[in-house]
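*Asks:* Here it is, the structure in full.
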Amino acid sequence: MGKRFGLIGHPVAHSLSPQMHNDAFKDCQIDADYVALDVEAGDLEEVTEKIRKGEIDGVNVTIPHKVAIMNFLDEIDREAERIGAVNTIVRHNGKLVGYNTDGAGYMQSIESYLPSNVKDMNILVIGAGGAARAVCASFLGAGVSSLVVANRTKEKADTLLNLISTNQDQTNAMTLSEAENGLEKFDLIVNTTSVGMSPYTEQIPISLRKLKDKAIVSDLIYNPLETAFLKEAAESGATTVNGVGMFVNQGALSFEYWTGIKPDRKRMTNIVLKTLG
Ligand code: ATR
């Protein structure tokens, strides 16, 4: 019998992960399948037992379980510990190990757009939830020396930075309007909130009226492919990067943890783009 992988979250019905991973298994000639598993918080322990017993071989974890799942694992990888969340579970010798591929997946998706002096960039991250935490941890890990987190609830931005920043001189928390008013300072702006996600496609997290010349604007959202935020950025002449790259790369890194094989990222990207139409 083939191996079994899956995505645990709630809701998961609209996820593109099953199509992407199943195609990659086929392409790599691995006898395995990947299914979306709608799991309520109360059933997390039962699911982890199934992975421990070998009924399931590995999973991705998504909203709202990325933090709570950590209680049921045997080991947490250092990067996942730093981010404070797990999106990938691997069984090693009967033990369940939690990893987080969101931050590394994001960095892989953006690196070809960034100049070599990424450490000197002024970076603005909008949002202070789990996705923001993964992105910020990666930037700080890459040695970025100026990172601002702006959030609707400023206290959450403070909390995020207190948890992951080791040098408070390099980081700052702001409200959304403070970020909007000081926008000309930033070289890279990243939206990690769900503002603008389908079906609320007309919404933007902040206005981009004072964008710096040659700024890069990135949105983790991939549905729609071009959010209203990215449209506004493109109209101001900015380079824009949508969320497809992060989605594909986080999935590819999970795939590598499970199988030891690097899947074809171009092929994965095409599947996602085709499905999104
Ligand atoms: P994720 O794990 O995807 O990051 P999350 O942890 O629920 O999701 O975080 C959602 C983020 O989007 C938060 O920063 C949230 O702001 P608050 O901390 O103030 O709640 C932000 N967000 C969600 N809806 C928003 C809206 N309508 N306007 C501004 N920010 C919003």
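*Asks:* For the chain, calculate the relative contact order in percent as a whole number, restricting contacts to Cα pairs under 8 Å that are 6 or more residues apart.
*Replies:* 16 percent
*Asks:* With the crude spin-label approximation of a point 7 Å out along Cα→Cβ, what separation in nm comes out for LYS119 versus ALA142?
*Replies:* 1.4 nm
*Asks:* How many Lys pairs in segment 72-215 lie less than 28 angstrom apart by Cα atoms, where the lysines are 8 or more positions apart or on different chains?
*Replies:* 16
*Asks:* How much FRET efficiency would the formula 1/(1 + (r/R0)^6) give for ALA41 and ASN162, where r is the Cβ-Cβ distance and R0 is 25 Å, rounded to 0.05? Can you show the working numbers first?
*Replies:* On the way: r = 26 Å, r/R0 = 1.05.
So the FRET efficiency works out to roughly 0.45.
*Asks:* Also, quick follow-up: Angle between the Cα long axis of helix 44-53 and the longest principal axis of the chain, 0 to 90 degrees, nearest 10?
*Replies:* 50 degrees
*Asks:* Rounded to whole Å and sorted largest first, what semi-axes of the equivalent ellipsoid does the C-alpha gyration tensor of segment 148-277 yield via the square root of 5 times each eigenvalue? Don't skip to the answer; put the middle values down first.
*Replies:* On the way: eigenvalues 154, 84, 36 Å².
Computed over segment 148-277, the values are 28, 21, 13 Å.
*Asks:* For the chain, which span is the longest to avoid every loop-located (per DSSP) member of GluC sites (Glu not before Pro) having at most 14 other Cβ atoms inside 10 Å?
*Replies:* Values: sites that count: GLU40, GLU55, GLU202.
With a cap of 14 other Cβ atoms within 10 Å, the longest stretch comes to 56-201.
*Asks:* Sticking with this structure for a sec: Using a simple spin-label model with points 7 Å from Cα along the Cα→Cβ vector, what separation in nm is obtained for ASN22 and LYS154?
*Replies:* The answer from the label model is 4.9 nm.
*Asks:* Sorted from largest to smallest, which semi-axis lengths in Å does the alpha carbon gyration tensor of segment 1-107 give for its equivalent ellipsoid, taking the root of 5 times each eigenvalue? Intermediate values should be presented prior to the final figure.
*Replies:* Numbers: eigenvalues 78, 51, 44 Å².
Listed largest to smallest, the semi-axes of segment 1-107 are 20, 16, 15 Å.
*Asks:* Related question: Report the semi-axes of the equivalent ellipsoid for the chain in whole Å, largest first, where each axis is √(5λ) for an eigenvalue λ of the Cα gyration tensor. Can you show the working numbers first?
*Replies:* Numbers: eigenvalues 207, 86, 55 Å².
Whole-Å semi-axes of the equivalent ellipsoid: 32, 21, 17.
*Asks:* What angle, in degrees between 0 and 90 and rounded to the nearest 10, separates the Cα long axis of helix 130-141 from the longest principal axis of the Cα atoms of the chain?
*Replies:* 70 degrees
*Asks:* Using 0.36 nm per residue of separation minus the Cα-Cα distance, give me the extension gain between HIS92 and THR275 in nm, one decimal.
*Replies:* Length gained, HIS92 through THR275: 62.6 nm.
*Asks:* Can you give me the distance in nm between label points at SER198 and ASN181, each placed 7 Å from the Cα along the Cα-to-Cβ direction?
*Replies:* 3.8 nm
*Asks:* Springs between alpha-carbon atoms under 10 Å, Gaussian network over the chain: tell me which of VAL47, VAL125, VAL244 tops the mean-square fluctuations.
*Replies:* Result: VAL47 has the largest fluctuation of those listed.
*Asks:* Where a ≥ b ≥ c are the square roots of the eigenvalues of the C-alpha gyration tensor, would you call segment 75-146 rounded, which needs a/c under 1.5, or, failing that, prolate if a/b is larger than b/c, or oblate? The partial results should precede the final answer.
*Replies:* Details: a/c = 2.66, a/b = 2.10, b/c = 1.26.
In terms of gyration-tensor shape, prolate.
*Asks:* On a 0 to 90° scale, report how tilted helix 265-276 is relative to the longest principal axis of the chain, with both axes built from alpha carbons and the result rounded to the nearest 10.
*Replies:* Tilt relative to the chain: about 80 degrees.
*Asks:* How would TYR113, TYR222 line up from fewest to most surrounding beta-carbon atoms within 10 angstrom?
*Replies:* Values: TYR113 13, TYR222 21.
By the 10 Å Cβ count, ascending: TYR113, TYR222.
*Asks:* Hey, with R₀ at 22 Å, roughly what FRET efficiency would LYS53 and ASP31 work out to, going by the Cβ-Cβ distance, to 0.05? Numbers along the way, then the final one.
*Replies:* Working: r = 20 Å, r/R0 = 0.89.
The formula returns an efficiency of 0.65 here.
No value in this document is a laboratory result; all are computed from the given coordinates. Note that the structure is predicted; figures quoted are calculated from it, not measured. Note that we place each Cβ from the backbone using ideal geometry, even for glycine, and neighbour counts take in every protein chain shown.
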